[in-house]
Amino acid sequence: MPRAKKSSPEVPFYRYLWDYYQANKGTIRRNYRDLTKKFLDYNEPTRTRAWHLRKPQYEALEMYVFLKEYLGNAPVHRVFEDWYNRKGRFENRAANLAGVDEETDQVSMFETLDTATYEAVFKQMKRSKQSYANYVFALTMGTGKTLLMATCIFYDFLLANKFPKDERYLHNALVFAPDKTVLQSLQEIDTFNRSKVVPPEYVNVLNGLLRIHVLEDAGTTLNTHDGSRFNLIISNTQKIILKRRSTEPTPVDTLFSSAKPAYEPGESYSAFDDLYDFDKILDEKDLTTNQRFEKLLRLEQLGVFIDEAHHAFGKNLARDVGAEKDTRVTSLRLTIDELAQGLKRAGTRVVACYNYTGTPYAQGKLFPEVVYAYGLQAAIRAGYLKRARVHAYENVQDRSFLKSVIERFWRDHTEEDGQGRRMPIRHEGMLPKLAIFAPTVDELTKDVRPVVESVLADLGVPTSKVLVNVGDTSITTNDDLREFKLLDTPSSDKQFILLVNKGKEGWNVRSLFGVALYRKPKSKIFVLQATMRCLRAIGEGQQTGHIYLSEENKSILQDELQQNFRLDLKAFQQSGTGKETYQVRVVPPPRTVRIARVQKLYDVKERRTVERAAFGLASLDLSKYEGRVTIKGGLKDSAAVIGSEEVEMEARAFSPMTLAAEIARYLNLSPVRVERILRESDDGMDALVDMASTYNRVVYEVIIPRLFDTLYEGVEYEKKESEDVQLVKPPEGGFYSVQAKPDDVVLLSSLSADSAYSPQTLSYSFHLDTYAFDSKPEQRFFREMLGHQQIKSLYFTGMLTHGQTDFFVQYIDPESRAVRSYYPDFLIETVDGKWLIVEVKGDNKVDDPIVQAKQDYASQLATASAMEYRMIRGNDVLDGLSAIVLRPA
């Protein structure tokens with residue numbers, strides 16, 4: 001039997017490093033050059049001048065300078081080694097550091113790492129080390145990574161000009177973009193006002209030094225002088241990257257190879273593809289170079305900057321920055337490695353590689369070489385991004401969805417002008433815009449665009465406000481592309497942008513106020529990328545970005561937030577809620593409980609005698625088949641409902657023949673037989689056709705299932721399996737993050753200091769060191785039952801609801817008929833050996849159908865597991881009656 005793969009430990013070393021810097025900033029700055037101090041002071045956010053770097057930009061710049069001037073561009077694994085062993089620059093560091101969480105601004109205490117964890121993490125960092133320093137700066141979208149890169153390069157060039165023999169500073173810089181879209185965004189480095197980040201007396205010096213090369217076209221050559229300095233090269237990865245040789249070179253190829261570009265117009269590449277293909281695995285043989293690569297080998301002290309590193313490296317980023325072990329590398333990583341080797345042979349080097357990305361995580365794993373991080377939640381709270389408002393659509397078809405979205409967007413972003421006309425509300429002089437995504441070009445042109453134009457015509461909005469950008473020159477013209485680049489200008493009159501898979505980074509339209517994504521895309525990450533497009537800040541105060549999603553895409557968004565930001569929909573919400581983020585750690589020893597999972601299985605047989613079919617159309621509850629949009633004040637599932645209204649439905653019209661054919665297709669029966677059964681049914685063919693044409697879902701959710709029951713019988717039997725499940729799975733990073741109001745949180749440390757609770761009492765509970773309750777009754781129930789004489793163990797189990805525990809109950813949602821997971825509030829073991837599953841529920845929710853379904857399935861699991869399930873009303877708890885759950889049933 002193969003041995004289970006052991007997950008590597010995870011340590012957020014960037015937090016330790018930042019806290020060390022904060023605690024020793026004065027000492028550290030004394031080691032900086034005067035010009036460095038002047039550069040940092042000029043960009044200090046607290047300075048009273050018209051423009052300055054944002055907090056995350058400045059902190060990242062501080063870390064960039066700290067790594068360079070204080071730590072000498074040492075690789076992360078060596079910095080980690082010195083930090084842990086308190087040697088070198090870290091000789092006098094304190095054992096523990098109290099720091100500030102960048103997400104919550106809450107003071108936190110880092111514990112000393114044990115030797116085993118340190119050695120495992122150090123080995124992980126060192127395993128895939130490069131011949132150059134490799135750093136990851138993780139700043140969420142909208143915080144200004146492009147300007148941060150430019151600021152870091154300008155600092156380096158100014159210092160290198162004054163101290164040309166100091167090997168810490170860059171003499172040349174290469175900036176990589178993953179695709180053409182990001183490349184366009186990076187050109188801001190060339191155009192923005194440098195006096196915003198460079199002290200006035202050095203602006204002319206910098207302008208005289210800089211030689212900027214933008215390799216925008218496939219055939220563009222790199223015109224740098226051999227041995228020259230202060231070249232800033234901005235390029236798409238495909239224009240530098242090494243390529244696999246497809247055939248043996250001819251003499252002519254050999255003669256002209258130095259001028260042959262790596263990417264030709266005929267190659268298969270599109271800036272609008274949903275997934276990049278730059279991460280193809282290569283070995284170190286049979287590679288070709290190109291003119292641009294050869295020119296780079298003749299430049300000294302090169303710094304490499306990779307924008308949107310997630311997409312430059314694709315799915316292999318985790319491996320390439322050392323989060324996963326693999327002896328192979330991606331083509332981009334191999335290109336950088338080859339640059340480093342070539343420069344070393346020439347007597348110079350790649351000084352460092354700086355990876356800029358939107359999150360420190362890939363597939364839920366932390367990159368070990370992260371040196372600074374500023375997350376999505378912190379950016380929204382600080383107002384660097386818009387607030388989010390989600391519109392989740394249920395039971396709505398494509399046409400109804402588009403009609404509702406456009407009408408709502410037009411109503412929310414216009415106002416009456418006094419003459420009965422609705423005029424768009426401008427922000428910074430720009431019109432608000434809505435992006436509508438389609439999965440394919442064909443669907444956009446045949447289905448989406450006609451509906452959009454029809455709805456706009458009904459609203460009296462000219463169709464000239466529609467702009468289509470799909471990457472197909474037969475549909476999107478050069479004029480359209482020019483208009484697309486002008487979207488964030490007051491002169492643009494486009495407001496409804498139709499796109500195919502253009503959700504990638506680099507498309508920075510701050511005047512985008514809404515995104516609509518109904519159909520499931522090919523890539524799940526695209527849902528996250530596309531929906532985040534409308535959150536870039538604009539105007540005075542914090543605006544709101546509207547996200548229009550199907551329920552399926554909303555679920556995908558929740559999963560992707562967890563994978564890429566370790567946030568759930570409860571944490572990703574509007575600022576100003578009064579909630580804080582807590583780090584929740586497991587208290588040893590691990591707790592397990594034995595439960596029985598019951599599976600219901602069926603054998604299906606055809607009935608020998610078939611009765612007359614009855615579909616019961618007259619008694620159907622039709623409300624669940626009516627389209628409805630519910631608007632919430634955030635992405636939190638329990639967020640306040642702001643409004644709800646019906647949506648006009650588009651339905652397929654059936655005839656007796658097409659209805660019989662559709663049903664026969666699902667049941668694999670003769671259409672003639674099906675038609676006869678429908679005509680002879682209690683409801684009759686006319687009623688069935690009318691109902692099916694009005695509510696299409698009735699065909700699949702009522703008529704087909706009931707006809708199946710008429711023709712077949714099922715024999716049910718149960719299969720029961722018992723297993724020991726963990727109350728909490730060990731978190732990879734050492735802790736889970738939850739968000740709650742301080743008054744709803746109970747800390748083990750605070751109760752330990754409370755004389756009312758003895759250590760023995762607290763040992764009966766707290767499998768986690770922090771309990772974050774959802775309500776006052778839950779918290780009161782816990783406090784009243786803690787230490788009760790009849791209780792041996794008391795665990796709050798209702799707070800971890802996203803796969804962090806195996807203790808859950810599967811139930812069938814009575815509305816959607818989908819299988820879902822339910823996490824009961826408490827698990828109690830009594831002194832006489834009984835186990836109780838307890839739910840504290842608000843009085844107004846007790847009779848809710850979903851709550852009843854949870855109770856039914858939880859009771860079945862409890863009975864099968866020799867437990868008991870109890871539900872107690874919130875008001876009973878508040879009346880001091882918590883102990884009634886201990887009474888015999």
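Rundown of residues vs (1) at pLDDT 90 or above; (2) in a loop (DSSP other than H, G, I, E, B); (3) touching a Ser or Thr at 6+ places or on another chain (Cβ under 9 Å); (4) of a type outside the set (A, V, I, L, M), yes/no style:
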| site | (1), (2), (3), (4) |
| --- | --- |
| ALA4 | no, yes, no, no |
| SER8 | no, yes, no, yes |
| TRP18 | yes, no, no, yes |
| ASP41 | no, no, no, yes |
| GLY72 | yes, yes, no, yes |
| TRP83 | yes, no, no, yes |
| ASN92 | no, yes, yes, yes |
| ALA95 | no, yes, yes, no |
| THR104 | no, yes, yes, yes |
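The strands (runs of 3 or more DSSP E) located wholly in region 365-464 that include 2 or more residues which are under 22 Å from ASP480 (Cβ atoms) occupy 433-438. For region 774-788, the criterion of being free of Cβ contacts under 8 Å to residues at least 12 places away in the same chain and in a helix (DSSP H, G or I) is met by none of the residues. Among the residues making up region 441-479, those that are of a type in the set (Gly, Ala, Ser) and either open to solvent by 60 Å² or more (accessible area, probe 1.4 Å) or within 23 Å of PRO490 (Cβ to Cβ) (or both) are ALA457, GLY460, SER464, SER474.
In region 775-787, the qualifying residues are those that are surrounded by 15 or more Cβ atoms within 10 Å (Cβ to Cβ) and out of contact with any strand residue (DSSP E or B) (no Cβ under 8 Å at 6 or more places or on another chain), and the one that is nearest to ARG697 (Cα to Cα) is ARG780. Taken as a whole, the structure places GLY383 among residues that are out of contact with any helix residue (DSSP H, G or I) (no Cβ under 6 Å at 6 or more places or on another chain), within 23 Å of LEU434 (Cα to Cα) and surrounded by fewer than 23 Cβ atoms within 10 Å (Cβ to Cβ).
Within region 699-733, track down each residue that is more than 30 Å from THR658 (Cα to Cα), in contact with a Phe, Trp or Tyr (Cβ under 9 Å, 6 or more places away or on another chain) and surrounded by 12 or more Cβ atoms within 10 Å (Cβ to Cβ).
Applying the first criterion (more than 30 Å from THR658 (Cα to Cα)) to region 699-733 yields 715-733.
Restricting the remaining residues to those that are in contact with a Phe, Trp or Tyr (Cβ under 9 Å, 6 or more places away or on another chain) gives 715-717, 725-728.
Of everything in region 699-733, those that are more than 30 Å from THR658 (Cα to Cα), in contact with a Phe, Trp or Tyr (Cβ under 9 Å, 6 or more places away or on another chain) and surrounded by 12 or more Cβ atoms within 10 Å (Cβ to Cβ) turn out to be VAL725, GLN726, LEU727, VAL728.
Look at region 461-478: where a residue is over 15 Å from ILE497 (Cβ atoms), no partner that is assigned to a loop (DSSP other than H, G, I, E, B) and of a type in the set (A, V, I, L, M) sits 6+ places away or on another chain with Cβ atoms under 9 Å. Taken over region 518-535, the residue count meeting the criterion of being under 19 Å from VAL452 (Cβ atoms), open to solvent by less than 10 Å² (accessible area, probe 1.4 Å) and either modelled with pLDDT under 80 or of a type in the set (A, V, I, L, M) (or both) is 1. Apart from one condition, ASP479 fits all of (1) assigned to a helix (DSSP H, G or I); (2) over 18 Å from TRP410 (Cα atoms); (3) charged (D, E, K, R); (4) in contact with a helix residue (DSSP H, G or I) (Cβ under 7 Å, 6 or more places away or on another chain); the exception is (4).
Here THR335, THR359, THR327, THR348 are screened, and the one residue that is polar (S, T, N, Q), over 30 Å from ASP472 (Cα atoms) and modelled with pLDDT under 70 is THR327. Would you confirm, using the coordinates I've provided, whether HIS310 is modelled with pLDDT under 80, within 30 Å of PRO432 (Cβ to Cβ) and either in a loop (DSSP other than H, G, I, E, B) or open to solvent by less than 40 Å² (accessible area, probe 1.4 Å) (or both)? Here the answer is yes, as HIS310 does meet what is asked.
On inspection, GLY803 passes the criterion of being surrounded by fewer than 18 Cβ atoms within 10 Å (Cβ to Cβ) and touching a residue at least 12 places away in the same chain (Cβ under 8 Å).
Within region 674-686, residues that are over 19 Å from THR609 (Cβ atoms) and touching a residue at least 24 places away in the same chain (Cβ under 8 Å) reach partners that are surrounded by fewer than 17 Cβ atoms within 10 Å (Cβ to Cβ) and basic (Lys, Arg) with beta carbons closer than 7 Å, at six or more positions or on different chains, in the pairs MET685/ARG679. When the residues of region 139-162 are narrowed to those that are open to solvent by less than 10 Å² (accessible area, probe 1.4 Å) and within 21 Å of LEU512 (Cα to Cα), which ends up modelled with the highest pLDDT? Applying the filter and picking the extreme gives LEU139.
The values are calculated or read from the model by the stated rules, or taken from the named source; none is laboratory data. Everything numeric here is computed off the predicted structure, so don't read it as measured data. As a convention, Cβ positions derive from the backbone with ideal geometry for all residues, glycine included, and neighbour counts pool all protein chains shown. Just the protein is used for accessible areas: all its heavy atoms, side chains included, with ligands, DNA and RNA removed. Shrake-Rupley method; radii C 1.70, N 1.55, O 1.52, S 1.80 Å.
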